[in-house]
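Asks: One structure, as structure tokens, below. Some questions next.
The values are calculated or read from the model by the stated rules, or taken from the named source; none is laboratory data. Owing to the predicted nature of the structure, the values given are computational and were not obtained by experimental measurement. Don't worry about glycine lacking a Cβ; one is built from the backbone with ideal geometry, like all the others, and counts go over all protein chains shown.
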Amino acid sequence: MTRQSLNRTLARLYIFLGTILCISLIAKFADHMPILKALGVEGALKDIYEFLRDMSLLIATGGVAYVSNVYQKRSTFVSSLETEWRGIVATKNALYAFCEKPYPTPDDYIEAFCRISETIDNMRIVYRNVGETGTLIGLYPYAPLHDMRRALQTLDPRKNKNLTPEYRKLARDAILQCFYGLRESFLEELDLEQPVHPLLISGGRRLKTSGTTGAAKRTQERQQERQDKLGNATNGGRREDVDALLAELYQREQGNGG
């Protein structure tokens, strides 16, 4: 279920619930509306109010079940979309690697072509064609995938044995351009948000300093004392040379700032 379908479904639900509430409100206060008495619908509105009150639990339960079903469909769709996107990224990387090979073999080409073909066909489980009907095929929803396939086909070593490095670079750049165009449109459906704590500077690094709280340090010391005490009493499979090595490595690491 796309975001547009979800919003459309929720809008219909809100309209339905709003209508029910309005009818209930009017029916509840029908006694205080002379115009309704004049129209002779006061009795019918009271019956409607009684009916809605008796059915309120069923209406609420049905509404909750419907909303849960809608969001379950949305969650399943988004999960399928994420899986498809991971496949697209893996395919782009496979095509890029193929273009970078100076002497690709027919087997390399077949493997790359199968990857792009699989990605194109997997789109069928996420989206239907745009404009598809019972008699019309429609248009493939993300044409750049086919552009990537066409660019790859020009590099088939079985048909084109004398490709220059310049042309291979051109085909590679065409594949990347198609991928970037696809990415900009494809990810719009995922409701992505900006990170709360982004790191936007080049060369960003950890700003925390080495060390810990006093409470953690005291806990560490107590654990060390307990281990030393039990170790001296029971040995516990200890080896003094191993303990010495680990202690030396720990102190050395701490001296380098952790």
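Asks: Checking the condition free of Cβ contacts under 8 Å to residues at least 12 places away in the same chain and either closer than 22 Å to I88 by Cβ or surrounded by 11 or more Cβ atoms within 10 Å (Cβ to Cβ) (or both), which residue from E240, E193 passes?
Replies: Every option except E193 fails the conditions.
Asks: Only one residue in L200, L176 is assigned to a loop (DSSP other than H, G, I, E, B) and among the hydrophobic types (A, V, I, L, M, F, W, C), so which one is that?
Replies: Result of the check over L200, L176: L200.
Asks: Could you say which residue among I88, I110, I201 is touching a Phe, Trp or Tyr at 6+ places or on another chain (Cβ under 8 Å) and either hydrophobic (A, V, I, L, M, F, W, C) or within 28 Å of Q4 (Cα to Cα) (or both)?
Replies: I88
Asks: Looking at the stretch 158-193, which of the residues that are modelled with pLDDT under 90 and of a type in the set (S, T, N, Q) is nearest to the chain's Cα centre (by Cα)?
Replies: Among those that are modelled with pLDDT under 90 and of a type in the set (S, T, N, Q), it is N160.
Asks: Return only the number of the condition from (1) surrounded by 14 or more Cβ atoms within 10 Å (Cβ to Cβ); (2) of a type in the set (G, A, S); (3) not assigned by TED's automatic domain parsing to the domain that holds K161 that S68 does not satisfy.
Replies: In the conditions (1) surrounded by 14 or more Cβ atoms within 10 Å (Cβ to Cβ); (2) of a type in the set (G, A, S); (3) not assigned by TED's automatic domain parsing to the domain that holds K161, S68 misses (1) alone.
Asks: Can you name the residue in the stretch 61-82 that is without any contact (Cβ under 8 Å) to a residue 12 or more places away in the chain and under 10 Å from the mean Cα position of the chain (by Cα) and is also nearest to L10 (Cα to Cα) among such residues?
Replies: My answer is S75.
Asks: Here is a further query. Looking at the structure I just gave you, is P141 touching a strand residue (DSSP E or B) at 6+ places or on another chain (Cβ under 6 Å) and either surrounded by 12 or more Cβ atoms within 10 Å (Cβ to Cβ) or among the small types (G, A, S) (or both)?
Replies: For P141, the condition - touching a strand residue (DSSP E or B) at 6+ places or on another chain (Cβ under 6 Å) and either surrounded by 12 or more Cβ atoms within 10 Å (Cβ to Cβ) or among the small types (G, A, S) (or both) - is met.
Asks: Within the stretch 49-60, is even one residue hydroxyl-bearing (S, T, Y), in contact with a helix residue (DSSP H, G or I) (Cβ under 6 Å, 6 or more places away or on another chain) and under 30 Å from Y142 (Cβ atoms)?
Replies: no
Asks: Can you tell me which condition L207 does not meet? The list is (1) of a type in the set (A, V, I, L, M, F, W, C); (2) closer than 30 Å to D107 by Cα; (3) outside the structural domain of D107 (by TED's automatic domain parsing), and all the others hold.
Replies: Among (1) of a type in the set (A, V, I, L, M, F, W, C); (2) closer than 30 Å to D107 by Cα; (3) outside the structural domain of D107 (by TED's automatic domain parsing), the lone unmet condition for L207 is (2).
Asks: Does the stretch 123-136 contain any residue that is part of a helix (DSSP H, G or I) and surrounded by 13 or more Cβ atoms within 10 Å (Cβ to Cβ)?
Replies: If we filter the stretch 123-136 for residues that are part of a helix (DSSP H, G or I), which is where we start, we get 123-125.
If we keep only those that are surrounded by 13 or more Cβ atoms within 10 Å (Cβ to Cβ) as well, we get 123.
There is at least one residue in the stretch 123-136 that is part of a helix (DSSP H, G or I) and surrounded by 13 or more Cβ atoms within 10 Å (Cβ to Cβ).
Asks: If you don't mind, there's one more thing I want to ask. Name the residues in the stretch 40-75 that are in contact with a Leu (Cβ under 9 Å, 6 or more places away or on another chain) and small (G, A, S), would you?
Replies: Listed by number, the list holds a single entry, G63.
Asks: When you scan the stretch 203-230, how many residues do you find that are of a type in the set (S, T, N, Q) and not in a loop (DSSP other than H, G, I, E, B)?
Replies: 5
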